[in-house]
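Report on one structure; see the data block that follows.
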Amino acid sequence: MAVNKTRTPIGEQNPNERVKNFGEVCLGYTEDEGREEAARCLQCRDAPCVESCPVSIDIPAFILAIKDGDMTRAADVMSRYTNLPAVCGRVCPQETQCEGVCRLGRAKGFEPVAIGKLERLVADRNYSRQSAQKAEGAAENGKIGRVAVVGSGPSGLTVAGDLVKMGYDVTIFEALHAPGGVLMYGIPEFRLPKSIVEHEIRSITNLGVKLVTNAIVGRTITIGEIESGFDACFIGVGAGAPRFQGIPGTALNGVSSASEYLTRINLMRGYEFPDYNTPIKKSKRVVIIGGGNVAMDAARSAMRLGADAVGIIYRRSEAELPARVEEYHHALEEGISFHWLSNPTEYADDGTGSLKGVTCEKMELGEPDASGRRRPVPIPGSEFFIEADTAIEAIGQEANKVLLSACPGLKLNKRGYIEANPDTGETSVQWIFAGGDIVTGAATVILAMGAGKASAMAIDRYVRSRKAQSDDKSGRRTF
Amino acid sequence: MYKILYARDIAPKEFDFLIEAPEIASHAKPGQFVITRHGERGERIPLTVADFDPIRGTIRLIFQVVGRATAEMASLREGDFITDVAGPLGTPSDIERLGTVMAVGGGVGIAALFPIIRGLKETGNKVITILGGRTSELVIMKDECGRYSDELIITTDDGSEGQKGLVTDAMKFAASRGERIDRCWAIGPTVMMKFCSFTASELGIPIWVSMNPIMIDGTGMCGGCRLSVGGKIKFGCVDGPEFDGAKVNWDEFMNRMGQYRDEEKISMERYETGVALWR
Ligand SMILES: Cc1cc2nc3c(=O)[nH]c(=O)nc-3n(C[C@H](O)[C@H](O)[C@H](O)COP(=O)(O)OP(=O)(O)OC[C@H]3O[C@@H](n4cnc5c(N)ncnc54)[C@H](O)[C@@H]3O)c2cc1C
Ligand code: SF4
Ligand code: FES
C-alpha cells in the first residue's frame, strides 16, 4: 500500500474566529483520521523517533495499536513511559525530537508521521479509563518510604506518579493555590486546556499522591521539617523568576513580564474579567520582546484580548526563532507581526507614567557566541520607534531564590541553578534530588518529565539502600 | 480552606480576623505577609500578618476594604472559611537590639507594625511608638501597641485624640528632645510612609518602610510587584516588603499602584450590584 506523502490534515479553529476566543486552536484527530495517519508509520526497527524521545516512548508500538483500532492498548503502551501524554502531545517540540528524525520524514517529499497529534488522540480517548488504575500502587503505600516533592510542574508530577506506582508514600508541596506549574499558569488555554491539565493531575492524585497547595517550601514548611518527615525529597520548583532587560522606562505602567501577563490570564483567568476578579488590561497596541514559546503565548493572548496590533520584537532572525514551529505558524495566521533583528533600548512615557512606545535598534548577526548561535550586534544609528500601550518582556527566567536561599547546603552552578547529576537528579545533599527547569534553566515539559523519571528511579535506589543499611544496623525493620 | 475563628469590625471599613493556619502561625515572623484568595474566582491579594500564635496555630489579619477582594472577605463571618491563605511570605523585619527605635503607624499599617513593635521591645529596645489617623476611631490597636512601647504618642488630624497634627510632627517632636534615635519603622498609607521617610532623612535616622505593591503570586515569580529602590529593580514580595525608605522611588511606586484603577472600579461595581441583587 502506498504511503501518503503528506500528513492527514487535522481540524483547527479558523484563525479569524479563534483570535476572538481562548478555546483550543487544534481540534485533534478523530479516530478514523488517527488510523489513517497511523498507517503512514513504517514501524521501523531501532526506531529513531524512540531514541530522540526524552522519555523513550515506544512510538511505533502505540502507533500500531492505533492503526489496529485498539486505543486501550495504545494507552497502555504510552502510560508505561509518560504520566502526562495529553500534555506532551500538545506542547512538545516534536519537530526537534521524534518527528525531526522520523525515517518517513527523511524521505524526499514526505512529511514525518504526526506523532504528537497521535499521542494526543490516544490520551484524549483514554480520559474515562484512567481511574481504573487507582488501587494498583496505592495498596503498597507507605511501605517503602516517604518522599516529598517540591513543586507540581511536569517534573514534580512525574516523580510523584512514578514513585507512588512503585509503592511510595508521596506528598507534593505546591506554592500556588493550583497545581500544574507552568502548565497551569504559563501555557494558555488555547494551546493546553486547563481541564486537560486538571485531568492529568487528578489521574496522579487518584494513584494516592497527596497534594498540598499553598505550601511554599522554605516558608510554610522548612527543608529541615521535610528532612525529619521524609526519607527523600525531590525539588522541581522551575525557573520561576522573570528577567527584565532593565532598560529605561521599565517601571512605566503597561510594561510587564510575560510571567505576570500570562499568570493573570491563565492561572487567574483574567480574560474572563470581571466574571473572574483578577484584571488584565485590554490593550490596543502590544509589543512582545523575545522569540520563544513564552513570547508566542503572550502575543497570541494579547490578540485574543482584542488588541488592534500585536508585534514581536526579536533580536535574531526567523531562522533562530526558538519557539515551536506550530506556534510560530499559528501566530502568523493570527495576524501577529514580527520585527526581526531588533532590540528595544528604551520605553517612552506618555507623560502620565504610562507607556507610549518602544525605541528599538536594528541588529545584525555577528560571530557565533557560546551557545553556537550568531550573536546579534546593534547597527549604529538604526533606531526606530514602535507605538505601544503595552510591552511584555519574554526574555527568559532565572532561578527563584525563595527555596534556594532556605536551603543553604545545596550547591548551585554558575547560573544560579541547582547542580544535579543529569542522569539521577542527585544533588550535593544526599537525600535531595532535583530536576526540571531549576536544574537546566528554562527548557521543555518533556525534559522536565525525563528528569523526573530519572530521579524517581534514583530516589527508589537511594531509599532502598538506606533502609537496607539501617536494617543491617538495627537488626530490625524500621518501617 | 482556612477557618475564621472570629471576625470583628474594628473601625469603619476595617476588619480583624483570626484564622486557623497552624503552618503559617508556626513559621511567621514580624514583617511578613500572606496571600489570600477567596472563592474560585477570587483575586490573590497580600495582607500583612498582624499577629501569630504558634501554640494555638492562629494568625490574625487586619484589613481595610479597598476593593472587591477585601469587600468579599469582609462579608465573611466567624466559622466561615477563606479559600486560600499562603505564607508567611517576604523577608522578615531585621529585628535586633539597636537602642532606641521609633515605630510610626497609620491606618491598617498599624496592624503590620504591631508584631515589629513587640519584637523590638522583646529584644530589649526602647520603643517610641507614634500612631496616627484622621480621627480617633481610625487609630487601631492602641492598647496592644502601648503594651510593648515605652512611649505611645497618638496624633489625629482633627485633634479628637492625642496631639492634633500629623505623625511626622510627632516624629520631629520625639527627635527634638535630644535623645538619639537609632532607627525608625513606618508602616501605613503610601503617602504617609513617603513623608515619614523624608522626615527621617532630615532627622538623620535610618528608616524602614513596608511596601504594599500589587501582587499576584507573592513568591517572586511574576515581577508585578517590582519597585525601584536605590535605582535598582526590586521585587516587593521577596526582596521586601521592607525597604530603606530613603531609597524608595515614591512617585514611581504611586504611579504603579494606580495601574488597574479603572478595572478595580468595574470590579467593585460588579460586586456591589451582585450584592444588591442578592439582597
Ligand atoms: C509561557 C510558557 C510556554 C511554554 N511552552 C512550552 C511548550 O510549548 N513546550 C514545552 O515543552 N515547554 C514549554 N515551556 C517550558 C515548560 O513549561 C517548562 O520547561 C516546564 O514546565 C518545567 O517544569 P518544572 O517541573 O521544572 O517546573 P514548573 O512547571 O515551573 O513548576 C514548578 C512549580 O513549583 C512551584 N514552586 C516554586 N517554588 C516553590 C516552593 N518554594 N515551594 C513549593 N512549590 C514551589 C511553582 O509554583 C510551580 O508550580 C513553556 C514555558 C512557559 C513559561
Ligand atoms: S521513525 Fe517515523 S516511521 Fe519510523 S517508527 Fe518512528 S514514527 Fe514510525
Ligand atoms: S508578586 Fe509576583 S513576583 Fe512579587
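Were the residues from B:Lys247 through B:Asp158 laid out at 0.36 nm apart, the gain over their Cα-Cα distance would be 28.9 nm. Which of the three applies to chain A, rounded, prolate or oblate, going by the alpha-carbon gyration tensor with a ≥ b ≥ c and a/c under 1.5 meaning rounded? The shape class here is oblate. Cross-link reach is defined here as a Cα-Cα straight distance under 18 Å, omitting same-chain residues fewer than 8 places apart; for B:Lys172 the aspartates and glutamates meeting it are B:Asp150, B:Glu151, B:Asp157, B:Asp182, B:Glu202.
Once all protein chains are placed together, B:Ser176 keeps about 80 Å² accessible to a 1.4 angstrom probe. The calculated FRET efficiency for B:Ser201 paired with A:Glu95, based on their beta-carbon distance and R0 = 51 Å, is about 0.30. Computed over neighbours whose Cβ is under 14 Å from that of B:Ile110, the net charge equals -2, Lys and Arg +1, Asp and Glu -1.
The distance separating the Cα centre of the range A:1-68 from that of the range A:165-209 comes to 25 Å. About its Cα centre, the protein assembly as shown has a charge dipole of approximately 1060 debye under the convention of +1 per Lys or Arg Cβ and -1 per Asp or Glu Cβ, with nothing else charged.
Between the range A:214-288 and the range B:153-193, the alpha-carbon centres lie 37 Å apart. For the range A:291-302, backbone phi angles converted through the Karplus equation (6.51, -1.76, 1.60; θ = phi - 60°) give residue-by-residue couplings of x, x, 4, 4, 4, 4, 4, 5, 4, 6, 5, 4 Hz, Gly and Pro being listed as x.
Extending 7 Å from Cα along the Cβ direction at B:Phe81 and again at A:Lys108 yields two label points whose distance is 6.7 nm. Working note: 222 nm ellipticity from helices only, DSSP H runs with n ≥ 4, each -39,500 (n - 2.57), summed and divided by the residues of the protein assembly as shown, gives -9000 deg cm²/dmol to the nearest 500. Placing a label point 7 Å from the Cα of A:Lys5 along the Cα-to-Cβ line, the residues of the range A:73-114 whose backbone N sits under 16 Å from it are A:104-113. Segment B:Tyr6..B:Phe173, full-extension length gain: 56.3 nm, with 0.36 nm per residue of separation and the alpha-carbon distance subtracted. Computed from the Cβ-Cβ distance with R0 of 25 Å, the FRET efficiency linking B:Glu137 to B:Thr273 stands at 0.25. Note on the range B:205-232 and the range A:372-450: Cα centroid distance 22 Å, given to the nearest whole angstrom. The shape of the range A:244-395 comes out oblate: with a ≥ b ≥ c from the C-alpha gyration tensor, a/c is at least 1.5 while a/b does not beat b/c. Taken along the Cα-to-beta-carbon direction at a fixed 7 Å, the label points for A:Glu364 and A:Lys401 span 4.0 nm.
List the residues of the range A:367-393 whose backbone N lies under 17 Å from a point placed 7 Å from the Cα of A:Glu346 along the Cα-to-Cβ direction. It comes to A:379-388, nothing else.
Look at the dipole of the range A:244-395 built from charges on Cβ: of A:Thr345, A:Tyr261, A:Ile312, the Cα furthest out on the positive end belongs to A:Tyr261. For A:Met166, the solvent-accessible surface with a 1.4 Å probe is about 60 Å², rounded to the nearest 10. Measuring nothing but how far apart in sequence close Cα pairs (under 8 Å, 6+ apart) lie, relative to its length, the range A:11-129 scores a relative contact order of 28 percent. Solvent-accessible surface (1.4 Å probe) assigned to A:Trp431 amounts to roughly 30 Å².
Counting only protein chain heavy atoms and rolling a 1.4 Å probe, the accessible areas of A:Arg374, A:Arg191, B:Arg261 rank, largest first, as B:Arg261, A:Arg374, A:Arg191. Report the calculated FRET efficiency for A:Asp46 and A:Asn413 (r = Cβ-Cβ distance, R0 = 35 Å), to the nearest 0.05. With R0 = 35 Å, the Cβ-Cβ based efficiency is 0.50.
When all protein chains stay in place and ligands, DNA and RNA are ignored, the 1.4 Å accessible-area order of A:Leu27, A:Leu410, largest first, is A:Leu27, A:Leu410.
The values are calculated or read from the model by the stated rules, or taken from the named source; none is laboratory data. The shown structure was predicted, so the numbers you read here are calculated from the model rather than taken from an experiment. Note that each Cβ is placed from the backbone with ideal geometry, even for glycine, and that neighbours are counted across all protein chains shown. Ligands, DNA and RNA are stripped out before the accessible areas are found, and what is left, the full protein with its side chains, is counted by its heavy atoms. Shrake-Rupley method; radii C 1.70, N 1.55, O 1.52, S 1.80 Å.
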